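Below is one structure; the comments refer to it alone.
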Amino acid sequence: MTTVSATIIKKDQKSDRTWNVKIRVWHNKKPAYIDTNHFVIMKQLGRKSKESETLVIKDNFILDRVAPDLKRYRDWISSNESYIKRLSAFEVRDKLAELRDGISIEVIDFLGFCKNFIDSKKKVNKVSSAKTLTTVYNSLVDYFKSDYLPITEINYNFLKRYELYLSNPREITRKNHSGLSRTYVQKGVREAGLHNHMRDLRLLFNEARNEFNDEDLGIIKIAHYPFKKYKVGTAPLTAHRDRSVEEILKLKNCELPEGSRAELARDLGMLSLYLLGMNAADLYELPVMTGNEDRINYNRAKTRNKRLDKAFFSVKIVDEARPLLRKYAGNLQLRYSSTQGLNSAINEGLKVLSEKTDVSEIDFYDFRHTVGTWIRRKCGYSTDDVAEALNQKTRTVTDIYIGDDWGLIDRMQADMLDLLN
């Protein structure tokens, strides 16, 4: 508990037999003092009690003079309890002295801002972005062991320490699907993961500056910018994660318990391959199939809000995909409450699938990478054609005038799948 009161220090009597009135800050069982412009003599003091040698201020004139400052200090302490828990008595004193001198000491809770920003992402259905930003939020809570963080703590020295923290194994506690807390050791992130994490932290910091600063009006509440000195840099090149034909056939033909996560991971991985690298988020959104459809027309979840053409794509339903579509299309939403739940199940299933087949470190994205590599390297199509097949290319005005022709896409799909026969 933090308290403030007007007092004197008995041993600090001046040569003119006066004492300076001080504000005593009591915090974490330690005192610190703020000087005032007021002085008292012995007749303005009295003993705390008949038995006590402690001198206290009895003069109402002096007490009235310091009362407004005490009220301001107490109001600030009450409004910033979570913040001052992290401070020493001397640091609290310095903050109150700044308040006395008219210096603005508004404390911006960075984690509070992050939580509100992430919630706003969820409300506009940007769940994927919210998930990666939530990872940053949770990691900061783990690091500081608090859900309150003054934005001034995000500085260059912290960023360097945080880098090291992320790169090493660390114990974390999270709630599982049943709502129970589970503590486990999280592996250190690799180079690409570290880049993405720090990039997302920078994004949150920039959004906070946009929220609290108004450069047009000269209002700068967040003056520092640690990312000027700390460089996130460019993302490292991702190593090829394509799989060989032999590995894909191993995965396809692996016998697994019906209804297991491993079966789910295998089936959806193969379905992704058959449908030219369709992501799990798009598989999750597929409606129930009647059996009469020839194509799946959809807007790719990852990029539909970033591209002028809404990332529209049309893929042929090949014979290999039909039984899997009957099994999973429209049912994944019933089985899992969100794409996050589906991704978690897939990842757990892939670990089992990897052990069963001796195909190491399988990632769901490997199936999409495999599509691109096979079409380019094994089937001989151009890199532009690959971009078309993976829906990585925005359709231009010229494309719209020409009209949609998915013949090239269908040929690439057929040639790629012939490799499995």
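Some points to look at:
- Net lengthening on full extension, E211/D119 (0.36 nm per residue, minus Cα-Cα): 31.6 nm
- Quarter the surface of the alpha carbon convex hull of region 2-43 and you get the mean projected area, 3.2 square nanometres.
- Counting only residues at least eight positions apart within a chain, or on another chain, the lysines with an alpha carbon under 16 Å from that of K160 are K228, K229, K231.
- Taking a straight Cα-Cα cut-off under 16 Å and skipping sequence neighbours fewer than 8 places away in the same chain, the aspartates and glutamates within cross-link reach of K115 are D142, D147, D200, E207, E211.
- Once both labels are positioned 7 Å from their Cα atoms along Cα-to-Cβ, the gap between N297 and K351 label points is 4.2 nm.
- In plain terms, the bigger the Kirkwood radius, the slower the diffusion; for region 49-106, with that radius from Cα pairs, at 4 °C and 1.567 mPa s, Stokes-Einstein puts D at 97 µm²/s.
- Loop trypsin sites (Lys or Arg not before Pro), region 347-378, which have at most 13 other Cβ atoms in a 10 Å radius of their Cβ (DSSP): none
- Each of Y184 and E153 was given a label point 7 Å from its Cα along the Cα-to-Cβ line. The distance between the two points is 2.6 nm.
- In this structure the amide hydrogen of V25, modeled in the peptide plane, comes within under 5 Å of the amide hydrogens of A32, Y33, I34, none closer than 5 places in sequence on its chain.
- Pairs of lysines in region 245-418 whose Cα atoms sit within less than 16 Å of one another amount to 9, provided the residues are eight or more positions apart or on different chains.
- Coil-residue GluC sites (Glu not before Pro) of region 128-218, DSSP, other Cβ within 10 Å capped at 13: E215
- Using only side-chain charges placed at the Cβ, +1 for Lys and Arg and -1 for Asp and Glu, the dipole size of the chain relative to its Cα centre rounds to 2180 debye.
- Shape descriptor for region 245-418: Rg over Rh equals 0.96 (Cα atoms; Rh from the Kirkwood inverse mean 1/r).
- Sorted into 10 angstrom bins from 0, the C-alpha pair distances of the chain split as 4, 16, 21, 18, 13, 10, 7, 6, 4, 2, 0 percent.
- DSSP-assigned coil residues among GluC sites (Glu not before Pro) in region 278-367, each with at most 15 further Cβ atoms within 10 Å: E293, E361
- Distant-in-sequence amide contacts of Q186, defined by a placed amide H-H separation under 5 Å and a gap of 5 or more residues or a different chain, comprise R170, E171, I172.
- Overall Cα dimensions of region 3-100 - principal axes, largest extent first, Å: 40, 26, 24
- Restricting attention to region 3-100, lysine pairs at least eight places apart or on different chains and with alpha-carbon atoms under 19 angstrom apart total 29.
Read the figures in this text as sums done on the coordinates, not as results from a lab. What you are looking at is a predicted structure, and each value in this text was computed from that prediction instead of being measured. Using ideal geometry, Cβ is built from the backbone for each residue, glycine included, and neighbour counts are taken over all protein chains shown.
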